[in-house]
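Report on the structure given below.
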Amino acid sequence: MEKNVPTVGFQGEIGAYSEKAVQLYFSEANSKAYKTFSDLFVALENNQIDLAILPIENSIEGSVTESYELLLKSEATVVGEINVKIEHCLISHHNTNKDDIDVIYSHTQALGQCKTYLKKIGCDAVTTYDTAGSVKMIKENNMKRAAAIASKDTAKLYDMNVIEENIQDHEDNFTKFFCLSKIPTKSTGNDKTSIVFSAGDVAGALYKALKEFADGDINLTKLESRLTRKKAWEYNFYLDFEGHIDDENCKKALQELINLGSTVKILGSYPRSNNKLWIGVVGNRNEENGNKGR
């Protein structure tokens, strides 16, 4: 029987933290790099990949805004999550010293996670689309007075020099990644659900919305408000809670939320951090498409 190995997309260049998340989350996978988050979503929606890995939140810098905005518009569903330890390094050419560096390149999240270090070193910081892509750029363009912030593995991959390790502001630095699919998961008994909802334009709307979960004995693990960008001071609320959308108490709470006048989008129900159920997800997709695997 042919082995079913999924093709998993990620944003960034080879060596990016998102690729590391693919490697850690999947027992086996064919990883595929995409330049932008939008490209990644298009690839998943057009069946060019089976699954996608998406950074969603960092323990220092908070939520990845673009990821949430794309999830809100997409029909993709969250089917898993993984937390990845992030350890940043200052990387440049082998014959470049720290005192030689004028400018440092990296993704905006990485720069934000190293604010104290950047202030101390006193170099200009320039945002790029990716950590690994920054290393690749200064390597290919022979930028001797430039450095990048990325992982130690990326330095090895591009044969570059690690000038300094663990330069992030906090040692306890993790990024949460979502695994996305077009096929929802079934309940495992150890699940979480992520939704987006509007509280409704009535007095005490948010309190009433959250009360439905309390009444159902449902534990909330995250609540975050974000501007809708459609109307001044109008907010969407991003909520994570324990349980699966198929659980009766979760179904009831969401229905009561809708009855209050809330607009609800279910981002997905999925096994809690680092549980691996990708084989079933890909198997379902292949059965639907009449395939026997890749």
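How many residues are in a helix (DSSP H, G or I) and either at pLDDT 95 or above or touching a helix residue (DSSP H, G or I) at 6+ places or on another chain (Cβ under 8 Å) (or both) if we restrict to the range 24-48? Walk me through how you get there before you give the answer.
In the first step, residues of the range 24-48 are kept if they are in a helix (DSSP H, G or I); the result is 24-25, 37-45.
After this cut, where a residue has to be either at pLDDT 95 or above or touching a helix residue (DSSP H, G or I) at 6+ places or on another chain (Cβ under 8 Å) (or both) as well, the list is 25, 37-45.
Adding up the residues that qualify gives 10.
Filtered by the rule that a residue be without any contact (Cβ under 8 Å) to a residue 40 or more places away in the chain and at negative phi, the range 117-127 gives Leu118, Lys119, Lys120, Ile121, Cys123, Asp124, Ala125, Val126, Thr127.
Contact annotation: residue pairs with Cβ atoms under 9 Å, 6 or more positions apart or on different chains, pairing a residue in the range 9-22 that is free of Cβ contacts under 8 Å to residues at least 40 places away in the same chain with a partner that is surrounded by fewer than 24 Cβ atoms within 10 Å (Cβ to Cβ) and outside any helix (DSSP H, G or I), are Val22/Ala29; Val22/Ser31. Suppose the filter is outside any loop (DSSP other than H, G, I, E, B), touching a Lys or Arg at 6+ places or on another chain (Cβ under 8 Å) and within 16 Å of Tyr270 (Cα to Cα); does Asp246 pass it? No, not satisfied. Cβ separations smaller than 8 Å between residues 6+ apart or across chains give the following pairs from the range 128-155 residues that are among the basic types (Lys, Arg) to residues that are surrounded by fewer than 19 Cβ atoms within 10 Å (Cβ to Cβ) and assigned to a helix (DSSP H, G or I): Lys144/Asp100; Arg145/Asp100. The number of residues in the range 49-66 being touching a helix residue (DSSP H, G or I) at 6+ places or on another chain (Cβ under 7 Å) and either farther than 19 Å from Arg229 by Cα or at pLDDT 95 or above (or both) comes to 11. Considering only residues in the range 1-28 that are farther than 22 Å from His107 by Cβ and buried (at least 21 other Cβ atoms within 10 Å of the Cβ), the one that is nearest to the chain's Cα centre (by Cα) turns out to be Phe26.
The condition of being more than 19 Å from Ala132 (Cβ to Cβ), under 13 Å from the mean Cα position of the chain (by Cα) and of a type in the set (Asp, Glu) holds for only one of Glu75, Glu57, Glu66, that being Glu57.
Quick check: is even one residue across the range 125-140 under 14 Å from Ile163 (Cα atoms) and among the basic types (Lys, Arg)? No, because not a single residue in the range 125-140 is under 14 Å from Ile163 (Cα atoms) and among the basic types (Lys, Arg).
Of the strands (runs of 3 or more DSSP E) entirely within the range 167-228, those holding at least 1 residues that are within 19 Å of Asn249 (Cβ to Cβ) occupy 191-197, 220-227. For the range 134-166, give me each residue that is assigned to a helix (DSSP H, G or I) and open to solvent by 10 Å² or more (accessible area, probe 1.4 Å). If the condition is that a residue be assigned to a helix (DSSP H, G or I) and open to solvent by 10 Å² or more (accessible area, probe 1.4 Å), then Lys136, Met137, Lys139, Glu140, Lys152, Asp153, Lys156, Leu157 are the ones that fit.
For the structure I just gave you, tell me whether Thr185 is crowded, with 21+ Cβ neighbours inside 10 Å and at pLDDT 95 or above. Steps first, answer last, please.
On the way: crowded, with 21+ Cβ neighbours inside 10 Å: yes; at pLDDT 95 or above: no.
Answer is no for this residue.
Residues checked against (1) surrounded by 20 or more Cβ atoms within 10 Å (Cβ to Cβ); (2) touching an Asp or Glu at 6+ places or on another chain (Cβ under 6 Å); (3) closer than 30 Å to Ser18 by Cα; (4) modelled with pLDDT of 90 or more:
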{"residue": "Phe178", "(1), (2), (3), (4)": "yes, yes, yes, yes"}
{"residue": "Gly189", "(1), (2), (3), (4)": "no, no, yes, yes"}
{"residue": "Ile195", "(1), (2), (3), (4)": "yes, no, yes, yes"}
{"residue": "Ala205", "(1), (2), (3), (4)": "no, no, no, no"}
{"residue": "Lys231", "(1), (2), (3), (4)": "no, no, no, no"}
{"residue": "His244", "(1), (2), (3), (4)": "yes, yes, yes, yes"}
{"residue": "Cys250", "(1), (2), (3), (4)": "yes, no, no, yes"}
{"residue": "Asn274", "(1), (2), (3), (4)": "no, no, yes, no"}
{"residue": "Gly283", "(1), (2), (3), (4)": "no, no, yes, no"}
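The values are calculated or read from the model by the stated rules, or taken from the named source; none is laboratory data. What you see is a predicted model, and the numbers here were worked out from it, not measured in a lab. All Cβ positions, glycine included, derive from the backbone under ideal geometry; neighbour counts span all protein chains shown. Surface accessibility is based on the protein's heavy atoms, side chains included, excluding ligands, DNA and RNA. Shrake-Rupley method; radii C 1.70, N 1.55, O 1.52, S 1.80 Å.
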